[in-house]
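The values are calculated or read from the model by the stated rules, or taken from the named source; none is laboratory data. Note that the structure is a prediction, hence the values are computed from the model and not measured. Glycine gets a Cβ as well: all are built from the backbone with ideal geometry, and neighbour counts include every protein chain shown. Just so you know, the surface numbers come from the protein's heavy atoms only, side chains and all, with ligands and any DNA or RNA stripped out. Shrake-Rupley method; radii C 1.70, N 1.55, O 1.52, S 1.80 Å.
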Amino acid sequence: MDIPSPSCITYDLITEILLLLSVKTMMRLKSVSKSWNTIISDPCFIEQHLKKSLQNPQLILISNPSSGVVSFPMHRLLQNPSSTDSCHFRGSMNNSQVIGSYNGLLCLLFKENRWKYTEYQFVLWNPATGTISLKVGTFKDSYAGSPFKFTFGFDISTGTYKVVALAKKCKELEVRVFSFGGSDWKNIQSFPIKDQEINDGVHLSGTINWLALSKYMQQFNQHGWISNHIIVNAKQSVIFSLNLSTETYTQILLPSGLDEVSMSFPPTLGVLTDCLCFLHDWKATQYVIWLMKEFGVQESWTQLFRIDYCKINHRRSYLLGFSICPLRPMYLSKDEDTLIFAEYINCPAIIYSKRDMRVKKIRISHKMYWFTAMNYVESLVSTV
């Protein structure tokens, strides 16, 4: 069989071959020849590679703030929960916090407490290429009122990465937006709230979504212990969704029929299979996951999981109080049968199959805090 000479290999064939390689390998190949460097640096190739990478989702976790992060391919975790097949991306993350992941970029928040205020700065880091942006978006937060919460997102219309800051100051809600590539924070109109509590923002398809809860506490006696339950009024609770392109809000209603729900911890929002999800406890016995199949349409809410705590050997802790959800979903299979989620206590990760109600613990030799895991894909996307 004749082997074609290098001169006979077409541009398209070289491109197809390069797309099969890891980002780490491609970064090395950029120095092999000018033509390969040109291909790998081309925006169209970077976009092609990103689309291919999205078919192989991963989880990224912080292993040690001084040494970087570790990523695990999702399909290998499902095939072998004891797999040690991971990729360690090195980079100092001391004094920083990952506030979001999108297109292979992590947004890091750096925090420094000063005398009269807290100062924040932000960078974009691509762990796969090892590139990192300069610190930008200097933000000063006074100690008056609640501290700002930050959410990382992507403006689909302009291709701009953004950070949204939200806080309740002097009984008023403040919302600000910073665009990477810009220099200043922009104050935008906030959304109306009464006595509602605002959860952390969740990014989905160019929108930032907050859950505004109307709730009150109720005490009850259980086996001689006095404990508190949260009663959430679903009819008076709502999701506020900020469109990052237009910087306008829409309101999204929770699943109908919930009315008042007794819970041992506040419900939260999440994202699974590119859909918004609503997560809540049911009377300290079950963990319930709703999926919004059509964004913004209340009728499309579907109750996907109702998991008994006893079946996953989950033990509730009264030491957590009411600010932390003890379970966090991280991945949902395309057939909506298999769920990977993390436990806050002891920090393990669990694979749960709805079809046969089978539970597997993910046992990795690395000491990982799974509760901080984020969805991630390897990419060649620039941090500039």
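Couplings 3J(HN,Hα) for segment 188-194, derived from phi with the Karplus relation 6.51 cos²θ - 1.76 cosθ + 1.60 (θ = phi - 60°), are 10, 4, 8, 10, x, 9, 9 Hz, where x marks Gly and Pro. Which of the lysines could a cross-linker span from Lys283 if the Cα-Cα distance has to be under 17 Å and same-chain partners fewer than 8 positions apart are dropped? Once the sequence-local lysines are set aside, what remains near Lys283 is Lys215, Lys311.
With all protein chains kept in place, the per residue accessible area of segment 265-310 amounts to 38 square angstrom at a probe of 1.4 angstrom. Calculated FRET efficiency, Ser183 to Ser41, Cβ-Cβ distance, R0 = 30 Å: about 0.70 to the nearest 0.05. Fully extending the segment from Leu134 to Ser205 would add 23.0 nm, taking 0.36 nm per residue of separation and subtracting the current Cα-Cα distance. Using heavy atoms of the protein chains and a probe of 1.4 Å, the accessible area assigned to Met27 is about 60 Å².
With the simple model of a label 7 Å out from the Cα in the direction of the Cβ, Gln121 to Arg28 spans 3.4 nm. In this structure, Ile17 and Gln298 have a Cβ-Cβ separation that, at R0 = 51 Å, corresponds to a calculated FRET efficiency of about 0.60.
Round to the nearest 0.05 the FRET efficiency obtained for Glu112 and Glu197 when R0 = 41 Å and r is the Cβ-Cβ distance. Approximately 0.90, to the nearest 0.05. Taking a straight line from the alpha carbon of Lys111, these aspartates and glutamates sit under 19 Å away, with near neighbours fewer than eight places off in the same chain left out: Glu119, Asp141, Asp184, Asp200. Checking the cross-link pairs Lys30/Lys135; Lys52/Lys360; Lys24/Lys360; Lys162/Lys194; Lys235/Lys293 against a 23 Å limit on the alpha carbon distance flags Lys30/Lys135; Lys52/Lys360; Lys24/Lys360; Lys162/Lys194 as lying beyond it. In this simple spin-label approximation, Ser382 and Ser353 carry label points 7 Å from Cα along the Cα→Cβ vector, and these lie 4.7 nm apart. For Arg28, the accessible area of its heavy atoms, probed at 1.4 Å with every protein chain present, is near 150 square angstrom. The candidates Ile132, Ile62, Ile239, arranged from most to least accessible area with a 1.4 Å probe in the full protein assembly, appear as Ile132, Ile62, Ile239.
Sorting His203, His75, His49 by solvent-accessible area of protein heavy atoms yields His75, His203, His49, largest first, with a 1.4 Å probe. Going by accessible surface with a 1.4 Å probe and the largest first, Thr131, Thr383 read Thr131, Thr383.
Trp36 sits with roughly 80 Å² accessible to a 1.4 Å probe, with DNA, RNA and ligands left out of the calculation.
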